[in-house]
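This report concerns only the one structure given below.
The values are calculated or read from the model by the stated rules, or taken from the named source; none is laboratory data. Everything quoted here is computed from the prediction, not taken from an experiment. Because the Cβ atoms are built from the backbone with ideal geometry, glycine has one as well, and the counts that use them run over all protein chains shown. These area figures cover heavy atoms from the full protein model, side chains too; ligands, DNA and RNA do not enter into them. Shrake-Rupley method; radii C 1.70, N 1.55, O 1.52, S 1.80 Å.
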Amino acid sequence: MTLTLELTSEQETKLRDKAAKIGLDPEGYILQIIDDVPTVESSAKRLQRLGILGGVAGNPRQDGRPWSEIEGFE
C-alpha cells in the first residue's frame, strides 16, 4: 500500500527530527508508530489489570443515570 501525506514544513522537520533521534528514516518511524498502536482489546485488558476498568460493581452514579448520559462522556 502506498500512502501519501501532505505535511507542512514544520511537520516534516518534526518528523525527520523524531525519526533521526531513534536512528530511523521518516518512513521507518511512521511504520513503527503504526505497529505500536494498541488495539481496543489490549487497551481494555491493560486498564482492567490496573483496576481502572471494571473496578466498580453496579451503577456508581447516585442519581441512577448511566455513564452514557453524562455530558461530555463518550
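Whenever a residue of the range 29-51 is under 29 Å from GLU12 (Cβ atoms), its partners that are part of a helix (DSSP H, G or I) and not acidic (Asp, Glu), lying with C-beta atoms within less than 6 angstrom and at least six residues away or across chains, give the pairs TYR29/ALA19. Looking only at the range 13-39, residues that are open to solvent by less than 80 Å² (accessible area, probe 1.4 Å) and touching an Asp or Glu at 6+ places or on another chain (Cβ under 9 Å) come to 2 in all. In the set (1) over 17 Å from the mean Cα position of the chain (by Cα); (2) open to solvent by 90 Å² or more (accessible area, probe 1.4 Å); (3) modelled with pLDDT of 65 or more; (4) farther than 25 Å from THR2 by Cα, VAL56 fails one condition alone, (3).
Quick check on GLU10: is it exposed (fewer than 10 other Cβ atoms within 10 Å of the Cβ), modelled with pLDDT of 95 or more and either at positive phi or not aliphatic (A, V, I, L, M) (or both)? Spelling it out, GLU10 is indeed exposed (fewer than 10 other Cβ atoms within 10 Å of the Cβ), modelled with pLDDT of 95 or more and either at positive phi or not aliphatic (A, V, I, L, M) (or both).
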